[in-house]
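Below is one structure, written out as structure tokens; comments come after it.
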Amino acid sequence: MNFLRDTMLIFVRQTRLAMRDPAWLIIGLTQPALYLAFLGPLLERITINGGGGSPTGNSWQLFVPGLLIQLGLFGAGFVGLGIIADVRAGVIERMRVTPVSRYALLVGRVLRDVVVLLAQAVVLLTASFAFGLRASATGLAIVLGMVALLGVSLSAGSYTLGLLLRREEALAPMLNAVMVPLMLLSGVVLPMRLAPGWLDAISLVTPFRYVVDAMRSALYGQYGTVQLWSGVAVAGLLAVVCLSVGARVFARESA
């Protein structure tokens, strides 16, 4: 019970801090929104006829999951910069002398980031429906669930790196060096099955390839496919691993 109480205390505090400067919530949507507005209409002329393992459907069902991956990578993926500021301001140091659970220090922050990411994802999906996306409520629920798992793994991983590096000039280049290849190899625009064999093979080692394919299956209404369940498994496993490692680092740094 103490862990849940402490988690909610940290979550409420972090949420209040985020709401003081809501402009960042909008800024996080900027790049995916630009892709949606300027690149999405170009894909409407592409006939999706099952090539590359994709079922027949409209281009938005293919394109929007990639935007959600991008939203997570450049939103929750960069929250570690904030924990560095907290360390420098002495926030983490002051937390050490309180009875607050060390694990709650991480989970409360991650919960805030997941809620923010889900809110942004809902806005992006709503805008996508205005452009032409069509999907069932079940498919959308699965997609949002996977967005939440994605947010857990990216947020926890970013906080972990932030605590370990403790310098923005070290963390920011590292995140960019990792996030950009992950985004490109996940197939944010078109399925990687359409890529040359060597590029398709490389993308198989990136977890977000499976996540974006699972989201596409959900939007197409294919709930029993290997792509869907493998993506859910990868997203869940990645969230557990990142949260576990992050909890250990938080407990050690706050001991």
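Structure summary
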{"item": "Condition met for A135 (crowded, with 21+ Cβ neighbours inside 10 Å, among the small types (G, A, S), assigned to a loop (DSSP other than H, G, I, E, B) and in contact (Cβ under 8 Å) with a residue 40 or more places away in the chain)", "result": "yes"}
{"item": "Residue check, M183 part of a helix (DSSP H, G or I), under 20 Å from L39 (Cβ atoms) and modelled with pLDDT under 85", "result": "yes"}
{"item": "Per-region count, the range 94-132, residues part of a helix (DSSP H, G or I) and without any contact (Cβ under 8 Å) to a residue 12 or more places away in the chain", "result": "4"}
{"item": "For V110: the one exception among (1) surrounded by fewer than 16 Cβ atoms within 10 Å (Cβ to Cβ); (2) in contact with a Phe, Trp or Tyr (Cβ under 9 Å, 6 or more places away or on another chain); (3) within 25 Å of I10 (Cβ to Cβ)", "result": "(1)"}
{"item": "Close pairs from the range 60-81: first part of a loop (DSSP other than H, G, I, E, B), partner among the charged types (D, E, K, R), Cβ under 7 Å, at least 6 apart", "result": "V79/D113"}
{"item": "Flag if P181 is without any contact (Cβ under 8 Å) to a residue 40 or more places away in the chain and more than 16 Å from the chain's Cα centre (by Cα)", "result": "no"}
{"item": "The range 191-220: number of residues that are touching a Ser or Thr at 6+ places or on another chain (Cβ under 7 Å), of a type outside the set (S, T, N, Q), modelled with pLDDT of 85 or more and not in a helix (DSSP H, G or I)", "result": "0"}
{"item": "Qualifying residues in the range 10-51 (those that are farther than 18 Å from V122 by Cβ and surrounded by 15 or more Cβ atoms within 10 Å (Cβ to Cβ)) - the one modelled with the highest pLDDT", "result": "F11"}
{"item": "Hits in the range 121-136 - residues which are closer than 14 Å to P32 by Cα and hydrophobic (A, V, I, L, M, F, W, C)", "result": "A121, V122, V123, L124, L125, A127, F131"}
{"item": "Residue list for the range 141-156, restricted to those being touching a Gly at 6+ places or on another chain (Cβ under 7 Å) and surrounded by fewer than 24 Cβ atoms within 10 Å (Cβ to Cβ)", "result": "L149"}
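The values are calculated or read from the model by the stated rules, or taken from the named source; none is laboratory data. Model, not experiment: these values are computed from the prediction. Neighbour counts are summed over all protein chains in view; Cβ atoms, including those assigned to glycine, are modelled from backbone coordinates with ideal geometry.
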